[in-house]
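Have a look at the structure below, then the notes.
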Amino acid sequence: MGEVIVVTSGKGGVGKTTTTANIGTGLAALGHKVVLVDADIGLRNLDVVLGLENRIVYDIVDATSGNCRLRQAIIRDKHLEGLHLLPAAQTKDKTAVSTDQMEELCDELKREFEYVLVDCPAGIEQGFKNAIAGADKSIVVTTPEVSAVRDADRIIGLLEAAELRDPKLVINRLRVRMVKAGDMMSIDDMLDILAIDLLGVVPEDDQVVISTNKGEPVVVDEKSLSGQAYRNIVKRIKGEDVPLMDMDNDSGLITTLRRLIGLK
Amino acid sequence: MIEFLSRVFGKDNTSKDVAKERLRLVLVHDRANVSPQMLHSLKADMIKVISKYMEIDEEALEVNLNSEDSQVALVANIPIKKMKRASND
Ligand SMILES: Nc1ncnc2c1ncn2[C@@H]1O[C@H](COP(=O)(O)OP(=O)(O)OP(=O)(O)O)[C@@H](O)[C@H]1O
Ligand SMILES: [Mg+2]
């Protein structure tokens, strides 16, 4: 029996879809059988981030309304054997799936897949309620900004009210240089305020945009810092104890000198 | 320039400190809003405790969160009907 993990944030655009795609791809790359469920009905995104937009025939609403069998709506990835996608409907809205249907769907999926990752829409309305309906665990994504952290706090309250205890935090788009200059909240600042466990930290990285352009999640890019960050998150989801990586790629002369004389 | 100087002299007002402080304040309110039940049960508990010492107007009792510049305060307005007689037996 697999587990259902929902990826939430409250505020839009902070990286839920990117996180879902990378964790899913990372798990599949390690040989797991994974299905990603795009619950952002009306704003289908996960398919393009995964590069699977040309393969969609049926979608989640077709599957839950009996228009097709669930099996028919699930798409296989081109490269990774274990990776699958259940795409969102693009022409319907968030009320096209009910919470009961979502629960049933998740139950059915976790009988067949080891990991079921649900990409939640922004907001706290019906789309959010549906997305978390069948979840066993939850991830909250935030960026180091006042509005995003505030919304994350709200979401954590709602998740706990829905009996989804112990949500795990992903801090996305951290800029080490700004944190050092005192112009961006640090990891500790956010953990202090939100008081939940940290699942991982992903730096701001052009490579995320480049990979998304190509439809190949950055987690498979061995060289990128963000890819490494996602690979670490994947390991932590599997229960491994992986320390936070050093995101300080600032190897300027002064830093090197400081390091040499032991100032760091 | 002042910002730069105070940073050099280690004063706590980098923009991230401002962000953190604003967040802290706004969350006091948000979190209280997530559960109006919380204020409600706080009210009930206060009535229980205060009633040991004086008779209060439960209907008129008001409990609110007020925020001024840099802090949030719990403000209670509790009309007293009658004081209980000190019974030091
Ligand atoms: N670590 C990162 N570095 C650089 N760009 C990033 C990073 N994470 C996400 N992005 C970019 O931010 C944008 C928004 O990301 P994404 O679509 O994953 O957010 P979302 O939370 O799913 O948004 P929505 O609420 O609209 O569903 C995308 O263009 C993505 O490429
Ligand atoms: Mg999204």
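The values are calculated or read from the model by the stated rules, or taken from the named source; none is laboratory data. Keep in mind that what you see is a predicted model, and the values were worked out from it rather than measured. All Cβ positions, glycine included, derive from the backbone under ideal geometry; neighbour counts span all protein chains shown. Note: accessible area is taken over every heavy atom of the protein model, side chains too, but ligands, DNA and RNA are not part of it. Shrake-Rupley method; radii C 1.70, N 1.55, O 1.52, S 1.80 Å.
Annotations for the structure displayed:
- For the range A:3-260: relative contact order, % (alpha-carbon pairs under 8 angstrom, 6 or more apart): 24 percent
- Surrounding net charge for A:V208, when Lys and Arg each add one and Asp and Glu each subtract one, Cβ distance under 10 Å: -3
- Accessible surface of the range B:38-84 [probe 1.4 Å, protein heavy atoms]: carbon and sulfur percent: 51 percent
- Neighbourhood charge, 13 Å Cβ-Cβ cut-off, centred on A:K16 and excluding it, Lys, Arg +1 and Asp, Glu -1: -2
- The string of couplings for the range A:85-98 from the Karplus curve (6.51, -1.76, 1.60, θ = phi - 60°) is 10, 9, x, 6, 7, 9, 9, 8, 10, 5, 8, 6, 10, 9 Hz, one whole number per residue in order, with x for Gly and Pro.
- Taking every Cα-Cα distance in chain A and sorting them into 5 Å bins starting at zero, the pair-distance distribution P(r) comes out as 1, 6, 13, 18, 19, 16, 12, 7, 3, 2, 1, 1, 0, 0 percent.
- Accessible surface buried by the A/B pair amounts to about 1300 Å², both sides summed, 1.4 Å probe.
- Shielding by other protein chains, B:19-26, mean Cβ within 10 Å: 5
- Within 10 Å of each Cβ in A:184-195, the average number of Cβ atoms from other chains: 2
- Packing here is the average count of other Cβ atoms within 10 Å per residue, and on that basis the peptides A:161-169, A:55-63, A:176-184, highest first, run A:55-63, A:176-184, A:161-169.
- The charge dipole of the range A:137-193, taken about the Cα centre with unit charges on the Cβ atoms of Lys, Arg (+1) and Asp, Glu (-1), comes to about 280 debye, rounded to the nearest 20.
- Inter-chain neighbour count for A:149-157: the average number of beta-carbon atoms from partner chains within 10 Å of each residue's beta-carbon is 3.
- Where the Cα pairs of the range A:1-135 fall when distances are cut into 10 Å bins, in %: 14, 51, 33, 2
- Distance violations [Cα-Cα > 32 Å] among A:K33/B:K20; A:K92/B:K20; A:K33/A:K168; A:K110/A:K168: A:K33/B:K20; A:K92/B:K20
- Extension gain for A:R69 to A:E114 (0.36 nm times residue separation, less C-alpha to C-alpha distance): 14.2 nm.
- Adding -39500 (n - 2.57) for every DSSP H run of four residues or longer, then dividing by how many residues the protein assembly as shown holds, sets the calculated 222 nm ellipticity at -12500 deg cm²/dmol.
- For the range A:3-260, the share of DSSP beta bridges that are antiparallel, to the nearest 5, is 5%.
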